[in-house]
Amino acid sequence: MKKIFFSALIMSCFAFNEGDPKVQTYNYGHNGMEFVARSGEGMIIVSTYNSKMTIRQDIAYKIYQLYANDNLKVGPKTTICGDEADVTGRCVVTKKDNLISVNFYYELVEWKSGLKEIYQKKKVG
């Protein structure tokens, strides 16, 4: 009886195991200005590159909020937590006179469903 119970327990663990999250690559994305705002510093333009169409505006607005609150980390890797997905990428801020350009380059999109999408440049040739 113990062997049957133990076997059933082991089999149920394998049956309900979700496994590793699915990982895919993509080599397309939307590039462009997503958000423009005025502040005391001047005009702020948020642009995204290699972005996913369904979440680009949500992520751009969150980038602006982080920048406006001085919480945006500029450097090799930055993670933005969105409503549908968390996006990791590079953020570059350029200031010229009263124009501030905040550029965000998508590298990894982790959807709430468990799917991970990694941006990969198209191979030419």
- Keeping the other protein chains in place, figure out the carbon and sulfur percent of the accessible area of region 23-119, with a 1.4 Å probe. 50 percent
- In region 21-40, which residues have a backbone nitrogen under 14 Å from the label point lying 7 Å from residue 92's Cα in the Cα-to-Cβ direction? 32
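Pulled fully out, how much extra length does the chain show between residue 26 and residue 43, if you take 0.36 nm times their separation in residues and subtract their Cα-Cα distance?
Values: separation 17, 0.36 × 17 = 6.12 nm, distance 3.23 nm.
So the extension gain works out to 2.9 nm.
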- Message: Per 0.36 nm of contour for each residue apart, how much would the distance between residue 70 and residue 84 grow if the chain were fully extended, relative to their Cα-Cα spacing?
- Response: 2.7 nm
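Where only protein heavy atoms count, and the probe is 1.4 Å, what is the accessible area per residue for region 22-125 in Å²?
62 Å²
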- Query: Which pairs in the list 52/112; 22/123; 52/73 are over 18 Å apart, alpha-carbon to alpha-carbon?
  - Reply: 22/123; 52/73
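The values are calculated or read from the model by the stated rules, or taken from the named source; none is laboratory data. Please read all numbers here as calculations on a predicted model, not as lab measurements. Please note: Cβ atoms are built from the backbone with ideal geometry, for glycine as well, and neighbour counts cover all protein chains shown. Surface areas here come from the heavy atoms of the whole protein model, side chains and all, with no ligands, DNA or RNA. Shrake-Rupley method; radii C 1.70, N 1.55, O 1.52, S 1.80 Å.
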